[in-house]
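Values in this text are rule-based calculations from the coordinates and carry no lab data. The model shown is predicted, which means the values in this text are computed figures rather than measured ones. Glycine also receives a Cβ, built like all others from the backbone with ideal geometry; neighbour counts cover every protein chain displayed.
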Amino acid sequence: MDILETIQAHAAAMRLPLYAVTLSAVAKAHTPLMLILHWHGFRRQTAARLEGLHMPVRSVAGSALQINAGWSRVETLDEAMLAAAWRLGAWDLERANHRPWWRLNAGLGETMACHRAFASYPGEPADRHMVVEAPDQDLMVELAGATGYIRWQFRPRATGIWALLDEDDATLEADGTRRSLCPLAPAPYDKHRTGRDVYRLGRGAGILKK
């Protein structure tokens, strides 16, 4: 699967800087994936133009895309996200393993986090936060609640708002990308362990390089 190509195609079409990229997968092989592109930008809430009147603005909705790619190992998804994060100049890539929330005494925060991971905002206008192209969205949320899910996240420097920050990464090209292949291998995945694993991709260009 080519996550990188999908991100680049949508970034070129939107012409907006990216804030973050996330990928969520139900902890069950051969299920659909949810790729979410979080844009940095604002638009007016109405197209009306009134001279001398300030019109309110709101954040541009993210893009949530269902990816139907057969996969049998979480490490395969790691490889795809590592390749995308590396090429797009991200400082690191985070992989988080989440428990099922459909259980006794599960906190509301866990429930909402799962919905957000799959671009679901119950009780709110459908397109206020996300423009969703995912026919199996409800099924993904249901399965994630019953079996758990994995979520990856990175913040790209290339095509992203992070390009505005002072560069301190010796691995980057002038345009904020990396042209070589990602040198990191996926870490073994343990479905019984919750928590986060962080892949460090960048390397400081100054005195402090750790």
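Set against the labelled values [x] 14.5; [y] 13.7; [z] 11.4, mean projected area of the Cα convex hull in nm² computed from this structure falls on [x]. Note on Thr171/Thr147: beta-carbon distance plugged into 1/(1 + (r/R0)^6) with R0 of 35 Å gives a FRET efficiency of 0.45. Note on segment 176-207 and segment 84-133: Cα centroid distance 20 Å, given to the nearest whole angstrom. Label segment 101-210 by shape, choosing from rounded, prolate and oblate, from the square roots a ≥ b ≥ c of the eigenvalues of the Cα gyration tensor; if a/c is under 1.5 it is rounded, and otherwise prolate applies when a/b is larger than b/c, oblate when it is not. Judged from the Cα gyration tensor, segment 101-210 comes out prolate (a/c at least 1.5, a/b above b/c). Highest mean packing first, where packing is the average number of other Cβ atoms within 10 Å per residue, the peptides 193-200, 32-39 line up as 32-39, 193-200.
For the residues Ala83, Ala29, Ala13, a GNM of the chain with alpha-carbon springs under 10 Å puts the largest fluctuation on Ala13. With R₀ set to 35 Å, the beta-carbon distance separating Ala13 from Asp138 gives a calculated FRET efficiency near 0.85. Note on Arg179 and Trp102: the extension gain reaches 23.4 nm, defined as 0.36 nm multiplied by sequence separation minus the Cα-Cα distance.
Using the beta-carbon distance between Ala29 and Asp92 and R0 = 30 Å, what value does 1/(1 + (r/R0)^6) give for FRET efficiency, to the nearest 0.05? Approximately 0.70, to the nearest 0.05.
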